[in-house]
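The next block holds one structure in the form of structure tokens; read it before the comments.
The values are calculated or read from the model by the stated rules, or taken from the named source; none is laboratory data. The structure displayed is predicted, hence computed values, not measured ones. Please note: Cβ atoms are built from the backbone with ideal geometry, for glycine as well, and neighbour counts cover all protein chains shown.
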Amino acid sequence: MKSELLKNERAVVVFSGGQDSTTCLFWAMRQFAEVVAVTFDYGQRHKREIECAKAITAEYGIEHHVLDMSLLGQLTVNSLTRPDMDVDEAIPDGSTTPNSLVEGRNMLFLTFAAVLAKGKGIRHLVTGVCETDFSGYPDCRDVFIKSLGVTLNLAMDYSFVIHTPLMWLDKSETWAMADQLGHLEDVRTKTLTCYNGIPGDGCGHCPACSLRRRGYEQFLQSRSSK
Ligand SMILES: [Zn+2]
């Protein structure tokens, strides 16, 4: 159901074409009068993610911007932007994060999305960050999002509202949300989460696929026990 407060408003969704942001896109389409999607091209090894994002927005007639963020690969060494690095399948000993971490990614993406949004007179921003599955990514934490909201408002003298519909959901509950929104199959078959670039159910063994599959199985279990 649309909130009375939001139904005449527009929102910019940070949209990667993965499971979480696609669920957020469908959530935002339900909440807001109009949705604009923004995808960042930062030289990620799975270019197909951007193709998934384009296909989903085209199918639903959503205004879609793909912004060049290739400088991210120049700033930081990580396995998502360096084709010569293997993606960690687990957090390595002596490290707190897998080598797929792109430092500051959510901060940068939300900041650029906010600049774009303000230019369009839009104040609502939607992102699929989630603290429940917090795997050492500090800019996925709720406290960071609240802090960034204050910072963006001060930086641009504006009243942004950052929406994080997945913040306190686990992966199983995120699948349940896609199901409640009537888009379970869209999210399952049209998104790309896999670090090895295989859409839908993915390669099955990278950390992203493992997390996604475990969540999906839990979701199916809890749905069948209802
Ligand atoms: Zn995979």
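Would you mention how many residues in the range 106-143 are part of a helix (DSSP H, G or I) and of a type outside the set (Lys, Arg)?
Looking only at that region, the number is 18.
Residues to consider are Lys226, Lys146; find the one that is basic (Lys, Arg) and either outside any helix (DSSP H, G or I) or buried (at least 20 other Cβ atoms within 10 Å of the Cβ) (or both).
Lys226 is the lone residue from the list that is basic (Lys, Arg) and either outside any helix (DSSP H, G or I) or buried (at least 20 other Cβ atoms within 10 Å of the Cβ) (or both).
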Does Cys140 qualify as being surrounded by 17 or more Cβ atoms within 10 Å (Cβ to Cβ) and within 16 Å of the ligand (Cβ to nearest atom)?
-> no
Odd one out for Ala208, checked against (1) outside any loop (DSSP other than H, G, I, E, B); (2) away from the ligand (no atom under 16 Å from the Cβ); (3) of a type outside the set (Val, Ile, Thr) | (2)
Quick one: Asn196 ticks every box in (1) polar (S, T, N, Q); (2) within 15 Å of the ligand (Cβ to nearest atom); (3) under 26 Å from Gln31 (Cβ atoms) bar one, so which box is it?
-> (3)
So is Pro207 under 15 Å from Thr23 (Cα atoms) and of a type outside the set (A, V, I, L, M) or not?
-> no
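Restricting attention to the range 154-189, and to residues there that are more than 18 Å from the chain's Cα centre (by Cα) and assigned to a helix (DSSP H, G or I), which single residue is farthest from Gly121 (Cα to Cα)? Lay out the reasoning, then the answer.
If we filter the range 154-189 for residues that are more than 18 Å from the chain's Cα centre (by Cα), which is where we start, we get 154-160, 180, 182.
Now narrow it down to the ones that are assigned to a helix (DSSP H, G or I): 154-156, 180.
Values: Leu154: 16, Ala155: 16, Met156: 12, Gln180: 30 Å.
This residue is Gln180.
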Flag if Gly182 is exposed (fewer than 13 other Cβ atoms within 10 Å of the Cβ) and within 14 Å of the ligand (Cβ to nearest atom) | no
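On the phi < 0 side of the Ramachandran plot, within 16 Å of the ligand (Cβ to nearest atom) and at pLDDT 90 or above: which single residue out of Thr189, Thr151, Thr174 fits that description?
After applying the criteria, what remains is Thr189.
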